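A short write-up of the structure that comes next.
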Amino acid sequence: MKSDSTRTEELPIYASLIRERGDVVEEARVVAEETQHQMSQALNGVVAPPQETGAH
């Protein structure tokens, strides 16, 4: 499997869209990882402080 930087270099249109619109795929990956971590903590009985939504 190739690294993300290698893949974007091969896809100039994708790289251009990232510059113009931001890396939505990476943002979604980060949110998914945060959500997974929060749900893991919730299932283990760890209470997390409330977070603000819509900060983007």
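The values are calculated or read from the model by the stated rules, or taken from the named source; none is laboratory data. Just so it is clear, the model here is predicted, and its values are computed rather than measured. Every residue, glycine among them, receives a Cβ derived from its backbone with ideal geometry; neighbour counts consider all protein chains shown.
Residues that are among the charged types (D, E, K, R), surrounded by 10 or more Cβ atoms within 10 Å (Cβ to Cβ), part of a loop (DSSP other than H, G, I, E, B) and modelled with pLDDT of 65 or more do occur in the range 18-25.
Of all the criteria given as (1) modelled with pLDDT under 85; (2) out of contact with any helix residue (DSSP H, G or I) (no Cβ under 6 Å at 6 or more places or on another chain); (3) not in a loop (DSSP other than H, G, I, E, B), the one not satisfied by P50 is (3).
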